[in-house]
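What follows is a set of notes on a single structure, which appears directly below.
The values are calculated or read from the model by the stated rules, or taken from the named source; none is laboratory data. What you see is a predicted model; the values in this text were computed from it and never measured. Cβ coordinates were reconstructed from backbone atoms using ideal geometry, including for glycine residues, and neighbour counts include every protein chain displayed. Calculation scope for accessible area: heavy atoms of the full protein, side chains included, ligands and nucleic acids excluded. Shrake-Rupley method; radii C 1.70, N 1.55, O 1.52, S 1.80 Å.
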Amino acid sequence: MLPIATTRPELLSACAAVLVNPDDERYKQLHGKTAITPLYNKSVPIIPHYEARIEFGTGVVMVCSYGDYTDVRLFRELELEPINAIGPDGKMTDIAGPYKGLDVAEAQNAILKDLKEKNLVLKQETTIHRTPTCWRSQNPIEFIAMPEYYLKQLPYIDDLRNVVDQIKFFPQKNKQILVDWINSVSRDWPISRRRYYGTEVPLWYCKKCHETIVPPPGSYYQPWKTPPPIDKCPKCGAINQFEGETRTLDTWMDSSISSLITTFYTKDDEFFRQNFPASIRPQGKDIVRTWLYYSLLRIYQLFEAPAFKFVWISGHGLNEKGEAMSKSRGNTIDPNPIIDKYGADAFRLWGALEASLGSDFRFNEDRLAGTYRFLTKLWNISRFISSFPQPTDQQLTLQPADQWILSELNQLITRAKVGYEKLDFIIPARELRIFTWDVFASHYLELVKGRAYNKQDDPSRTAAWHTLHTVLQAILKLLAPICPYIADKIHRELYDPKKSIHISLFPEPVKEIPGEHPTDLLINFNTDIWKHKKEEKMSLRAALPSVTAPYALKPYAEDLKQMHNIEQLSFHSKDNTEISPHK
Ligand SMILES: [Zn+2]
């Protein structure tokens, strides 16, 4: 008598082997012998295997098809023939003998009763153990062996490792998610599914000789409702004796060829030749093991090439509480009313600003409202600038303030470019927001208003108009990848109604602009004046009789006087940086 602890006595009829630990002294004499199953009197081999743990239960394990995923693995590993004791309807099959037709739970009670009657139950206890359940319905899952179509993947694993090394990952660290998955693949890919929603498996079978009929490529087939494109079986000659496949394909079987769709495979040979492999796959990290992995597998099998040059892997979007969102948990946020309220570009900009590449980000409506306000500000800035013509003069008399903002713009372009090259959109998004709102709008626009509104034609007015338009055009082009619609809309309204901003070049730094400017001093000076006027309950346009400014601001004297309505602006000596608006 070999005592076995099991949580699935109803699977006794599907027992195919018994395992003992090779080092377990109690059972060493049984290695290679057979055991007889109770009630069914079936002879099964006793196999020494480390899956049986000496300290667990009685140290003896019953391998049945299938109590759990370990059983599935052991049946494969030990090449045991699966026995289906449970049918697809969830009821016990003929194999179960007297328990045929019972539900799994009913069969468990019945077999336990019979074993007890025969005095075969040594001990019964309540345990806590894991059972697989459906992620959607939470119903228990039974593993039932069924013939399915598989796509070979094990023979391609080494090649896929090479393919992965030919691709550049953004961020680089997320490459490891894919590498770890490839290293863990241990079986081929089951691609046929017994569910309704999906792409049909395009096959028919001859009812007479069971020949499989594969239709020619190029059309979409629905074998469950339409006949095959032939009427005579090519093998046995039977006429119209076909049965259509009713199964569908695994969803990743379709989506894994999306890089062929985007490069017009079979639709435009020239375009495909020029654009395959596709440049980039943008996706979330939760589907690296599926969408990314299967795309690389399928494209390698078809073309012996990587599917993409670059792979961009973002983090998870979480809800306000920082939870992963799922339909079954009911904690998802519907993006549509939010996009209706704030606009898709504000949503995109929020997404870009929320996290560095690869990090998870949390939904926050207040912050989204902040990006909406920023885009409203950009719209207002554009409307203001649109009231001035864009000069065509080649010779410009740029004033120090113009040179200052163009120098700031040059730095913005350089920093944004670094971010875009890393595909880390938080960098250009942040730099653009700070420059546009906190520097360009708050300070430069105020500084040049006097010159820009000058009624007289003056070279300094032309320089102001030129600078305003130069900076705005650069902002729009830098923003276009993140806020494609608003950037294009403003650009068409102001600059070129016929040409999309998205086919223009990335802005280059403005040439021959001195790099050194006292930006902080300038900003602090303006801020202090505004603060002073506020404290004194003065209007911002009210005149100040006399102000002393830091020496370094001397070049901006004319613009500063107009901006703050200063009657007499004097400057400290070189080493005194104090601001004194009222002597
Ligand atoms: Zn046939």
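Which value, in Å² rounded to 10, gives the accessible area of residue 427 with a 1.4 Å probe and all protein chains present?
50 Å²
Would you kindly derive the ³J(HN,Hα) couplings of the range 273-278 from the backbone phi angles with the Karplus curve 6.51 cos²θ - 1.76 cosθ + 1.60 (θ = phi - 60°), listing them in order in whole Hz, with x for Gly and Pro?
4, 6, 10, 9, x, 4
Determine, from the Cβ-Cβ distance of residue 500 and residue 565 and an R0 of 41 Å, the FRET efficiency 1/(1 + (r/R0)^6), rounded to the nearest 0.05. Could you put the intermediate results ahead of the total?
Values: r = 43 Å, r/R0 = 1.04.
That pair, residue 500 with residue 565, gives E of 0.45.
If you take the square roots of the eigenvalues of the alpha-carbon gyration tensor of the range 123-264 and sort them as a ≥ b ≥ c, do you get rounded (a/c under 1.5), prolate (a/b over b/c) or oblate? Could the numbers behind the result be given before it?
On the way: a/c = 2.35, a/b = 1.28, b/c = 1.84.
In terms of gyration-tensor shape, oblate.
Between residue 394 and residue 538, what FRET efficiency follows from the Cβ-Cβ distance if R0 is 45 Å, with the result rounded to 0.05? Don't jump to the answer; show the numbers that get you there.
Details: r = 43 Å, r/R0 = 0.95.
Computed FRET efficiency for residue 394 and residue 538: 0.60.
So how far, in whole Å, is the C-alpha centre of the range 290-339 from the one of the range 500-572?
47 Å
Using the charge dipole of the range 109-175 (Lys, Arg: +1 at Cβ; Asp, Glu: -1 at Cβ; taken about the Cα centre), state which of 170, 146, 112 has its Cα farthest towards the positive end.
About the Cα centre, the residue reaching furthest to the positive side is 170.
Could you tell me which of rounded, prolate or oblate describes the range 389-532, using a ≥ b ≥ c as the square roots of the eigenvalues of the alpha-carbon gyration tensor, with rounded for a/c under 1.5 and, failing that, prolate when a/b is larger than b/c and oblate otherwise?
Numbers: a/c = 1.74, a/b = 1.22, b/c = 1.43.
Oblate is the answer for the range 389-532, as a/c is 1.5 or above yet b/c matches or exceeds a/b.
Show which aspartates and glutamates lie in cross-link reach of residue 91 when reach means a straight Cα distance below 12 angstrom and same-chain residues fewer than eight apart are skipped.
Filter leaves 10, 103, 106, 142.
With 22 Å as the limit, write out which pairs from 455/489; 321/422; 168/511; 42/116; 208/232; 309/498 have Cα-Cα distances beyond it, or answer none.
Working: 455/489 30 Å; 321/422 29 Å; 168/511 33 Å; 42/116 19 Å; 208/232 11 Å; 309/498 32 Å.
In this structure, 455/489; 321/422; 168/511; 309/498 lie more than 22 Å apart at Cα.
What is the log10 of I(q)/I(0) for the range 505-583, computed with the Debye formula using one identical point scatterer on each Cα and no solvent, at q = 0.11, 0.20, 0.21 Å⁻¹?
Debye output, listed in q order: -0.33, -0.85, -0.92.
Would you please give the FRET efficiency between residue 118 and residue 77, computed as 1/(1 + (r/R0)^6) with r the Cβ-Cβ distance and R0 = 22 Å, to the nearest 0.05?
Values: r = 32 Å, r/R0 = 1.47.
That gives a FRET efficiency of 0.10.
What Kirkwood hydrodynamic radius do you get for the chain when you take the inverse of the mean 1/r over all pairs of distinct Cα atoms, in Å? Each step should come with its number before you reach the end.
Numbers: mean 1/r = 0.0321 Å⁻¹.
With all distinct Cα pairs of the chain included, I get 31.2 Å.
With +1 on each Lys and Arg Cβ and -1 on each Asp and Glu Cβ, and nothing else charged, work out how big the dipole of the chain is about its Cα centre, in Debye to the nearest 20. Walk me through the intermediate numbers first.
Working: 72 positive and 71 negative charges, 135 e Å.
In debye, rounded to 20, the chain gives about 640.
Show me 310-319, 125-134, 534-543, 26-35 ranked by packing, highest mean number of other Cβ atoms within 10 Å first. Before the final figure, lay out each step's value.
Numbers: 310-319: 18.9, 125-134: 7.6, 534-543: 10.1, 26-35: 13.7.
In descending order of packing, they fall as 310-319, 26-35, 534-543, 125-134.
Let a ≥ b ≥ c be the square roots of the eigenvalues of the Cα gyration tensor of the range 216-312; is it rounded (a/c under 1.5), or, if not, prolate (a/b larger than b/c) or oblate?
Note, shape of the range 216-312 comes out prolate.
When the chain is fully extended, how far beyond the present Cα-Cα distance does residue 367 get from residue 489, taking 0.36 nm per residue of separation? Working shown, then result.
Values: separation 122, 0.36 × 122 = 43.92 nm, distance 2.37 nm.
Result for the pair: 41.5 nm of gain on full extension.
Work out the length of the dipole vector of the range 107-157 about its Cα centre, built from +1 on the beta-carbon of each Lys and Arg and -1 on the beta-carbon of each Asp and Glu, and round it to the nearest 20 debye.
100 debye
Counting helices only, and only those DSSP H runs with n ≥ 4, report the 222 nm mean residue ellipticity of the chain as the sum of -39,500 (n - 2.57) divided by its residues, in deg cm²/dmol to the nearest 500. Walk me through the numbers on the way to the answer.
Working: 18 runs with 206 residues, N = 583.
That comes out to -11000 deg cm²/dmol.
How much accessible area per residue does the chain have, counting only protein heavy atoms and a probe of 1.4 Å, in square angstrom? Spell out each step's value before the answer.
Details: 33100 Å² over 583 residues.
Computed with neighbouring chains in place, this is 57 Å² per residue.
Please sort through the DSSP H helices of the chain and keep those with an alpha-carbon extent of at least 27 Å along the long axis and a Kyte-Doolittle average not below -0.5.
Details: long enough: 365-386 (31 Å, -0.26); 400-421 (31 Å, -0.31); 459-479 (30 Å, 0.45).
Taking the DSSP H segments of the chain (at least 27 Å long, mean hydropathy at least -0.5), we get 365-386, 400-421, 459-479.
Less than 19 Å apart at the alpha-carbon level, and either on another chain or at least 8 residues along: which aspartates and glutamates does that give for residue 207?
Within the straight-line limit of under 19 Å, residue 207 reaches these aspartates and glutamates: 148, 231, 243, 245.
In whole Hz and in residue order, list the ³J(HN,Hα) couplings for the range 33-50 that follow from phi through the Karplus curve 6.51 cos²θ - 1.76 cosθ + 1.60, θ = phi - 60°; x for Gly and Pro.
Whole-Hz 3J(HN,Hα) from phi for the range 33-50: 8, 10, 10, 10, 6, x, 6, 9, 6, 9, 8, 10, x, 9, 10, x, 7, 6.
In the full protein assembly as shown, how much of residue 469 is accessible to a 1.4 Å probe, in Å² to the nearest 10?
For residue 469, solvent-accessible area is about 10 Å².
Mind checking which lysines have their C-alpha under 24 Å from residue 534, skipping anything on the same chain fewer than 8 residues away?
Cα-Cα hits under 24 Å: 377, 449, 561, 583.
Each label point is 7 Å from the Cα along the Cα-to-Cβ direction; what then is the distance between the points at residue 324 and residue 341, in nm?
2.7 nm
Given a cut-off of under 8 Å on Cα pairs at least six residues apart, what relative contact order in percent is computed for the chain?
Relative contact order for the chain comes out at 8 percent.
Taking amide H positions as placed in the peptide plane 1.01 Å from N, state which residues far from residue 151 in sequence (5 or more) or on other chains have amide H under 5 Å from it.
Result for residue 151 returns 189, 191.
Counting only protein heavy atoms and using a 1.4 Å probe, what share of the accessible area of the chain belongs to carbon plus sulfur, as a whole percent? Intermediate values should be presented prior to the final figure.
Values: 17070 of 33100 Å².
Carbon with sulfur: 52 percent of the solvent-accessible area.
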